[in-house]
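Inspection log for the structure reproduced underneath, given as structure tokens.
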Amino acid sequence: MASADSDNGTAPGAGPGGDPGGHIPLAVKILVAGGFGVGKTTLVGSVSEIAPLSTEEVMTEASMGVDDLGGVEEKTTTTVALDFGRITVNQQVVLYLFGTPGQGRFWFMWDELAEGALGAVVLADTRRLDTCFPAVDFFERRRIPFVVAVNLFDGAHDYGTREVREAVDVGADVPIVLSDARDRESSKAVLLALVEHVMRRRSPAATGRPLP
């Protein structure tokens with residue numbers, strides 16, 4: 001990406017602290033996707049440095065027979081649009097997190113949410129691994145880099161990353177990360193794994209050509 005000031009790599013004008021010539025952080029859009037009830041809202045909330053925007057609504061009888069509650073029968077709310085949070089990596093980079101709705105009836109929104117995304121986290125639940133397949137297919141078809149983060153629910157099957165990789169059927173280049181969406185440090189590690197994955201894919205060695 002070209003900088004606004006080719007001499008020093010910083011944009012002209014006041015930075016976050018009001019100092020002339022300060023850094024203007026690069027805004028990076030990250031999607032958090034996966035099936036219904038896998039912990040997308042929880043991950044965004046655990047790691048966001050601002051009060052996250054959530055569009056969770058109480059589930060009503062209208063969702064009965066439409067939303068698959070298998071394995072998450074105790075869930076009483078659902079995201080109907082998106083979750084939004086922010087985390088500052090350093091003075092140069094700020095990640096903006098967009099959690100996608102998990103139910104099939106809201107998938108029409110994914111294309112719009114994916115516009116301009118640098119990468120994605122696909123959350124997986126080992127009790128219902130099939131619920132992450134649509135997200136994996138979505139990002140593979142659009143060639144959007146992603147990592148698979150296995151959310152370690154209490155009482156879930158204890159599978160290793162190799163078993164998850166085989167079950168989800170992703171290539172050896174796709175990182176598989178064991179995580180706890182409730183824990184801030186664990187969620188940060190997932191995002192770091194994604195950023196590192198994107199950087200590897202965009203490096204001259206990986207692409208065979210220099211970066212623009």
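The values are calculated or read from the model by the stated rules, or taken from the named source; none is laboratory data. Because the structure is predicted, anything quoted here is derived from the model rather than measured. Quick reminder, even Gly has a Cβ in these numbers, built from the backbone with ideal geometry, and neighbours come from all protein chains shown. For the accessible areas, the whole protein counts, side chains as well, though only heavy atoms, and no ligand, DNA or RNA atoms are used. Shrake-Rupley method; radii C 1.70, N 1.55, O 1.52, S 1.80 Å.
Report yes if some residue within segment 163-175 is under 16 Å from the mean Cα position of the chain (by Cα) and of a type outside the set (S, T, N, Q); otherwise report no. Walk me through it before giving the result.
So the first thing to find is which residues in segment 163-175 are under 16 Å from the mean Cα position of the chain (by Cα), and the list is 174-175.
Within this subset, residues satisfying the condition of being of a type outside the set (S, T, N, Q) are 174-175.
Yes, some residue in segment 163-175 is under 16 Å from the mean Cα position of the chain (by Cα) and of a type outside the set (S, T, N, Q).
Could you say whether any residue in segment 139-147 is assigned to a strand (DSSP E or B) and either among the β-branched types (Val, Ile, Thr) or in contact with a Ser or Thr (Cβ under 9 Å, 6 or more places away or on another chain) (or both)? So that I can check it myself, show each step before the final result.
Here is the first cut: in segment 139-147, the ones assigned to a strand (DSSP E or B) are 146-147.
In the following step, the residues that additionally are either among the β-branched types (Val, Ile, Thr) or in contact with a Ser or Thr (Cβ under 9 Å, 6 or more places away or on another chain) (or both) were identified as 147.
Within segment 139-147 (the criterion being assigned to a strand (DSSP E or B) and either among the β-branched types (Val, Ile, Thr) or in contact with a Ser or Thr (Cβ under 9 Å, 6 or more places away or on another chain) (or both)), the answer is yes, since at least one residue qualifies.
Can you name the number of the only condition in (1) modelled with pLDDT under 80; (2) open to solvent by less than 20 Å² (accessible area, probe 1.4 Å); (3) closer than 28 Å to residue 126 by Cβ that residue 15 fails?
(3)
When the residues of segment 18-36 are filtered to those that are modelled with pLDDT of 85 or more and open to solvent by 20 Å² or more (accessible area, probe 1.4 Å), which remaining residue is nearest to the chain's Cα centre (by Cα)? Show your work before the answer.
As a first pass, look at segment 18-36 and keep what is modelled with pLDDT of 85 or more: 26-35.
If we keep only those that are open to solvent by 20 Å² or more (accessible area, probe 1.4 Å) too, we end up with 26-27, 29.
Working: 26: 17, 27: 15, 29: 9 Å.
Filtering first and then ranking leaves 29.
Of all residues being modelled with pLDDT under 85 and either surrounded by 15 or more Cβ atoms within 10 Å (Cβ to Cβ) or of a type in the set (A, V, I, L, M) (or both) in segment 108-123, which is farthest from residue 197 (Cα to Cα)? Just the residue, please.
Per the criteria, the residue is 109.
One residue is enough: does segment 58-80 have a residue meeting the conditions of a type in the set (D, E, K, R), outside any helix (DSSP H, G or I) and modelled with pLDDT of 90 or more? Give the steps one after another, and end with the answer.
Looking only at segment 58-80, we keep the residues that are of a type in the set (D, E, K, R), and these are 61, 67-68, 73-75.
Checking the rest, the ones that are also outside any helix (DSSP H, G or I) come to 67-68, 73-75.
Next cut, modelled with pLDDT of 90 or more only: none.
Scanning segment 58-80 turns up no residue that is of a type in the set (D, E, K, R), outside any helix (DSSP H, G or I) and modelled with pLDDT of 90 or more.
Please state which one of 174, 136 is at pLDDT 95 or above, of a type in the set (Val, Ile, Thr) and in a loop (DSSP other than H, G, I, E, B). Full working, then the answer.
On the way: 136 fails: in a loop (DSSP other than H, G, I, E, B).
Result: 174 is the single residue among 174, 136 that is at pLDDT 95 or above, of a type in the set (Val, Ile, Thr) and in a loop (DSSP other than H, G, I, E, B).
If you take the residues in segment 144-163 that are among the aliphatic types (A, V, I, L, M) and over 23 Å from residue 117 (Cβ atoms), which one is least open to solvent (accessible area, probe 1.4 Å)?
For segment 144-163, the residue satisfying everything is 156.
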